[in-house]
Amino acid sequence: MYVSRPQPLIAGNWKMNGVGASLGEAYMIAGGLGDTTARVAICPPATLVQRLAEVLADSAVLVGGQDCHAEEAGAFTGDVSAAQLADAGAALVILGHSERRAGHGETDELVARKVSAALRAGLEPIICVGETLDQRKGGQALAVVTGQVRGSLPAELADKRFSVAYEPVWAIGTGLTPTTPEIEEVHRAIRATLTSMFGAAGSGVAILYGGSVKPSNAAEILHADEVGGALVGGASLKAADFLGIIQAV
Ligand code: 13P
């Protein structure tokens, strides 16, 4: 069982950005890690997973996918399985990102099946949750987020390493971030939900924050109560910015 205080995780989500020429940024990130105590991961588009894994083979930086199919294999044109990501060199996979929930109709139930598929392939899931602006304005943020945690995390995670990423939808790519007390309130609610679901093991899960994290706000966010790392979009595309965030751990 994984119970000790989690090692911070800083994961970059490149989304649908990057071609072969972008691998140079990853190379610079690997070379600039210094003596960070954080685990660092880059999740490129599926087309780059294998090449990135080759570039980072001798470094401490892990490679992750951004999604996987819930089934092991079959007639699912355009999809990628967890086993294929693992075979290409991924160690982690982001699941349930709000851009998948909104743009591809992913439900908690589907996300939970994808998490199970990832675990079967030996991948470490990063499971995303987060409320919309309307939900926050309506006072539903905590109910929405804890509901997503309960619905998207299958029981077999109990003895596995995984993280939960709190990404308020309204903070993604907007330059807006919640206040530190707002982040802490949601992270504490996620922690309480994890310990109620998984007992003591729930205290060992890193709870990441994501949404407009940049070098200038990273230190305050990363030192907030119950924040165990960051899931970084735009600022992970440039080595200098991503390294600035890693150095703020
Ligand atoms: P930004 O850091 O670009 O706001 O994106 C956050 C995100 O969605 C990471 O998964």
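Helix-derived [θ] at 222 nm for the chain: sum -39500 (n - 2.57) over DSSP H runs of at least 4, divide by residue count, nearest 500?
Numbers: 10 runs with 95 residues, N = 249.
Helices in the chain give a 222 nm mean residue ellipticity of -11000 deg cm²/dmol.
Taking the Cβ of ARG5 as the center, what net charge do the other residues with Cβ under 14 Å away carry, scoring Lys and Arg +1 and Asp and Glu -1?
Counting the neighbours of ARG5, the net charge comes to +1.
Would you mind pulling out the separation of the Cα centroids of the stretch 107-126 and the stretch 137-164, in Å?
Here the answer is 13 Å between Cα centres.
Scale the Cα Rg of the stretch 8-75 by the rule-of-thumb value 2.2 N^0.38 Å and send over the ratio, two decimals. Before the final figure, lay out each step's value.
Values: Rg = 12.8 Å, N = 68, 2.2 N^0.38 = 10.9 Å.
Working it through for the stretch 8-75, the quotient is 1.18.
Between ARG120 and SER196, what's the calculated FRET efficiency when r is the beta-carbon distance and R0 is 25 Å? Round to 0.05.
With a Förster radius of 25 Å, E is 0.50.
Please work out the Cα convex hull volume for the chain and give it in Å³ per residue.
114
Which shape class, rounded, prolate or oblate, goes with the stretch 119-241 when its Cα gyration tensor gives a ≥ b ≥ c as root eigenvalues, a/c under 1.5 marks rounded, and past that a/b bigger than b/c marks prolate?
oblate
Between ALA57 and ALA143, what is the FRET efficiency for a Förster distance of 45 Å, r being their Cβ-Cβ separation, to the nearest 0.05?
0.55
Can you tell me which of 72-79, 176-183, 144-151 comes out highest on packing, and rank the rest after it, using the mean Cβ neighbours within 10 Å?
On the way: 72-79: 8.9, 176-183: 15.6, 144-151: 19.2.
Put in order of decreasing packing, that is 144-151, 176-183, 72-79.
Figure the gain on full extension for LEU176 and HIS223 (residue separation times 0.36 nm, minus the Cα-Cα span) and round it to one decimal in nm. Can you show the working numbers first?
Numbers: separation 47, 0.36 × 47 = 16.92 nm, distance 1.83 nm.
Working it through step by step, the gained length comes to 15.1 nm.
For GLU156 and ALA75, what does the FRET efficiency come to when R0 = 35 Å and r is the distance between their Cβ atoms, rounded to the nearest 0.05? Kindly include the intermediate steps, with their values, before the conclusion.
On the way: r = 26 Å, r/R0 = 0.75.
With R0 = 35 Å, the Cβ-Cβ based efficiency is 0.85.
On a full-extension model of 0.36 nm per residue, what is the gain between SER216 and THR37, subtracting their alpha-carbon distance, rounded to one decimal in nm?
My answer for the length gained is 62.5 nm.
For the stretch 81-136, state the average projected area of the convex hull of the C-alpha atoms over all orientations, rounded to one decimal in nm².
So the Cα hull casts an average projection of 4.0 nm².
Sequence neighbours fewer than 8 away in the same chain don't count; with that in mind, list the lysines whose C-alpha is under 21 Å from LYS114.
Partners found: LYS15, LYS160.
FYI, it's all coordinate maths here, none of it is from the lab. Bear in mind the structure is a predicted one, so any value in this text is a computation, not a measurement. No Cβ is skipped: glycine too gets one built from the backbone with ideal geometry, and neighbour counts run over all protein chains shown.
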